[in-house]
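Below is one structure, written out as C-alpha cells; comments come after it.
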Amino acid sequence: MSEGYRRYEALHGKGRRPPPHEDVTIEQLTAMNHTVTACLVPYADFAIWGPHGHRIERKMRFTGSVFNADGSLRTVEIMGPPNFEAWSSCFGVLATAYIMLDIVDLGTLIQYRQHMEKLHSRYGVETWVMLYQADTRFRLEHLTRIKRRLADEHKVAVDAGRSTPFDPARPWNYSYSMGISDAEWWRDEVNEPALL
C-alpha cells in the first residue's frame, strides 16, 4: 500500500491521497496485484468492486430493458452500477488500483473515462444497459484479445530488429490505449442488442 500511495503521489502531487470514494482497500489491491502477477486481464466486476470496498460486496444491481431475439423488449435485473455516475465511482477505485500497481498510465485512464462519458452523452441514459455491457466486455474480453495481438506483433517486430510502443512489462497500458481507439469494436458492441 505504501509503495502504491507513493506512485499515486508522484502523479497527483506530494502528500496527495485518493479521496475516500476512490481509495482502494488492501483486499482490492491484493486481488488486483494477484491477477496481474498471474498474467490475467486486470478486470474488476463493478457489481462487487467499487467505492468503500468493504461495504459494496455484491450489492449493486439495476433493472434495464434488453432485446429478445425477436426484437421485443424484456426487463432484466443486472448486477452492477445502476448508472454512469455509479460506474464512474467504481472506475475511480479501479483507476486508483491501476495507478498504485503501475498497470495503466493516468492519461490512459482519463481517456477511457472520457470515452465512456462521451458514449453515455451520445446514446443517453436509456442505453445504460448496453453501455455497461460494452464496458464489461471490453475490460474482460476485448482487452485480452488486444494484448495478445500486440504481444505477437511486438515479438515479430523485435525479431526483425524493430521496436513497437508495446511494453511487455506493462502490457495493459498500451492495450487500453489501442482498445479505446478501436472505433469499429465499440460501434459494433454498443449497437448490438444487449442479450444477457
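The values are calculated or read from the model by the stated rules, or taken from the named source; none is laboratory data. These numbers come from a predicted model, not from an experiment. Note: ideal-geometry Cβ built from the backbone for every residue, glycine included; neighbour counts use all protein chains shown. Each accessible area value is taken on the protein alone, full model and side chains, heavy atoms only, with ligands, DNA and RNA left out. Shrake-Rupley method; radii C 1.70, N 1.55, O 1.52, S 1.80 Å.
Structure notes:
- Once both labels are positioned 7 Å from their Cα atoms along Cα-to-Cβ, the gap between MET79 and ARG6 label points is 3.7 nm.
- In this label model, GLU117 and SER72 are separated by 4.0 nm, measuring between points 7 Å along each Cα→Cβ vector.
- Sites count as exposed loop sites when they are trypsin sites (Lys or Arg not before Pro), lie in a DSSP loop, and have at most 15 other Cβ atoms within 10 angstrom; the longest stretch of the chain without one is 60-161.
- Probe 1.4 Å, protein heavy atoms only - accessible area per residue of the chain in square angstrom: 53
- The chain: relative contact order as a whole-number percent, Cα under 8 Å and 6+ apart: 22
- Cα pair count fraction exceeding 29 Å, expressed as % - the chain: 27
- Listed residues SER181, SER88 arranged by accessible area, highest first, probe 1.4 Å: SER181, SER88
- Computed [θ] at 222 nm, deg cm²/dmol, the chain (DSSP H ≥ 4; -39,500 (n - 2.57); rounded to nearest 500): -17000 deg cm²/dmol
- With DNA, RNA and ligands ignored, accessible area of GLU189 (1.4 Å probe; Å², nearest 10): 20
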